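Report on the following structure.
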Amino acid sequence: MNTFKINYYLQTVKHDRVYSFILISVVWDGNRVRTTLNLTVDPKLWNKEKQRVKSSAMNPRKTNDILDKLVFKLNEYHDTVKREKKRSPTPADVRRAIKAILHDKQIKDPKPKPQKTFMEYFDDFIKDSESGDRLSNGNKVQISTIQSYVSVKHHLEDYIQATKAVLTFEEIDNLFFNGLTKFLTNKKRLSNNSQGKVIKTIKTFMHDAFQRGLHTNLKFIKALRVKDEETTMVALTEDELVKLENLKGLSPSNEKCRDMFLVQIYTGLRYSDLANLKPENINSKEKIITLQTIKTQDRLTIPLTSKFEKILAKYPDKLPVIANQKYNNHLKEICRAAEINSPIQLVHNVGEKRIEETKPKYELISSHTARRSFITISLKRGVMPEMVQQISGHRSRKSFQRYVKVTSQESVKAVGDVWE
């Protein structure tokens, strides 16, 4: 009678920490189950040939006894199912048997009970992020991040509907990745960068589910490959800043919006920190602004400039705050009125297809443009990068550098002037 062919491997995966787990592979009757056991081993103490922990390890017998017991009990179970049920064990039977053996329990057929689907667990992931039960780097997940989770959920629902796929944790592998990226490219027409954001969220969800013990599939770590192509991001030039400062004839709502934008440019604040700015954060005597950022919880000290004070005088109680989406829409109107309309060439890829288009600059302006403008203009005026980075609150030079926007013409002129 055919029995299981059982092998053990060491699976070492690096993420925030190093996972070094023993992987069991069970092959029978054209089926295979590969699953990670909750047994960790130092790679130096693993014997690949014998597929056991080396005798030089501390108390190797404990782990090796478990591995031996799995081989004996699984083959015994295979024979029992073949004899009593006149069929071959299913992959679900084998997974259940492995779990029972590891917990010293009798192998039983499961009682029918409702199981949550992959998407229901994804819903829980979103709800836990909203409630604060799930944190990101010790901080509450930002609203904008939760909104991106919801967007990914809709993409997955559309993928399931279009392909009739039945998603499970175990099926998040190369086949899933290839199928999803093909769908996002051909049906959704998402750029590679947008696809990368979708994949990154799914990867975050899978890591979270793994930590919660909802699955043992580590194939997803290598399978879910995040695409990250450089995108076109704009910053205002000094001339454009002057145009914005001198713009007249704005409606009251657009004037408030323009003033908010100028404050962001003068301080380098994110929209979330600007919206949360309170009078107690502003020290007019010492000419500084002190606050704890919402995104990173870092404490920043920012100079209170005369231009910022001039705007503060218009709003003695509190700076105006406009909802982010409405704010971004108004900014495009305002920058168009200020004739910030130089043509910007945009290049992005959808799958293997390169797409080029040209848009006027004002169409690309958003609240985040202010932060890039603050950094770029500060550097052009001669402030040392380390000092600008300290004010902006970027923790790494790599993330800081993404905000530096200098045109090729400016670079050519600056380098040319030095060598004249």
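The values are calculated or read from the model by the stated rules, or taken from the named source; none is laboratory data. Quick caveat: nothing in here was measured; it's all calculated off a predicted structure. Please note: Cβ atoms are built from the backbone with ideal geometry, for glycine as well, and neighbour counts cover all protein chains shown.
Could you list, in sequence order, all residues of segment 172-206 that are β-branched (Val, Ile, Thr) and either over 29 Å from ARG95 (Cβ atoms) or in a helix (DSSP H, G or I) (or both)?
Quick first cut of segment 172-206, residues β-branched (Val, Ile, Thr) only: 172, 181, 185, 198-199, 201-202, 204.
Those that are β-branched (Val, Ile, Thr) and either over 29 Å from ARG95 (Cβ atoms) or in a helix (DSSP H, G or I) (or both): THR181, THR185, VAL198, ILE199, THR201, ILE202, THR204.
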Which of the residues belonging to segment 119-171 are over 15 Å from the mean Cα position of the chain (by Cα), in a helix (DSSP H, G or I) and of a type in the set (Lys, Arg)?
LYS127
If a residue has to be surrounded by fewer than 16 Cβ atoms within 10 Å (Cβ to Cβ) and either under 14 Å from LYS332 (Cα atoms) or not assigned by TED's automatic domain parsing to the domain that holds ASP317 (or both) to count, how many in segment 252-278 make the cut?
1
Could you say whether any residue in segment 13-21 is touching a residue at least 24 places away in the same chain (Cβ under 8 Å) and more than 30 Å from GLY138 (Cβ to Cβ)?
no
Output the number of residues of segment 188-227 satisfying the condition of being over 30 Å from VAL347 (Cα atoms) and of a type in the set (D, E, K, R).
3
Restricting to segment 174-214, what's the tally of residues that are surrounded by 18 or more Cβ atoms within 10 Å (Cβ to Cβ), in contact (Cβ under 8 Å) with a residue 60 or more places away in the chain and over 19 Å from the mean Cα position of the chain (by Cα)?
1
Cβ-Cβ distance below 7 Å, separation of 6 or more or different chains: which pairs start in segment 81-109 with a residue that is touching a residue at least 12 places away in the same chain (Cβ under 8 Å) and end on one that is outside any loop (DSSP other than H, G, I, E, B) and polar (S, T, N, Q)?
PRO91/ASN31; ARG95/THR35; ILE98/THR35
Of all residues in segment 67-119 being loosely packed, with under 15 Cβ neighbours inside 10 Å and of a type in the set (A, V, I, L, M, F, W, C), which is nearest to LYS54 (Cα to Cα)?
PHE72
Pull up segment 311-346, narrow it to residues that are out of contact with any helix residue (DSSP H, G or I) (no Cβ under 7 Å at 6 or more places or on another chain) and among the small types (Gly, Ala, Ser), then point me to the one that is farthest from ASN276 (Cα to Cα).
ALA337
May I ask you to list pairs of residues, at least six apart or on different chains, whose Cβ atoms are under 7 Å apart, with the first in segment 228-239 being closer than 11 Å to ILE377 by Cα and small (Gly, Ala, Ser) and the second being in a loop (DSSP other than H, G, I, E, B) and modelled with pLDDT under 70?
ALA235/LYS405
Could you please tell me which pairs satisfy a Cβ distance under 7 Å, a separation of 6+ or placement on different chains, a first residue in segment 48-59 that is closer than 13 Å to ASN7 by Cα, and a second residue that is among the hydrophobic types (A, V, I, L, M, F, W, C) and surrounded by 14 or more Cβ atoms within 10 Å (Cβ to Cβ)?
ARG52/LEU67
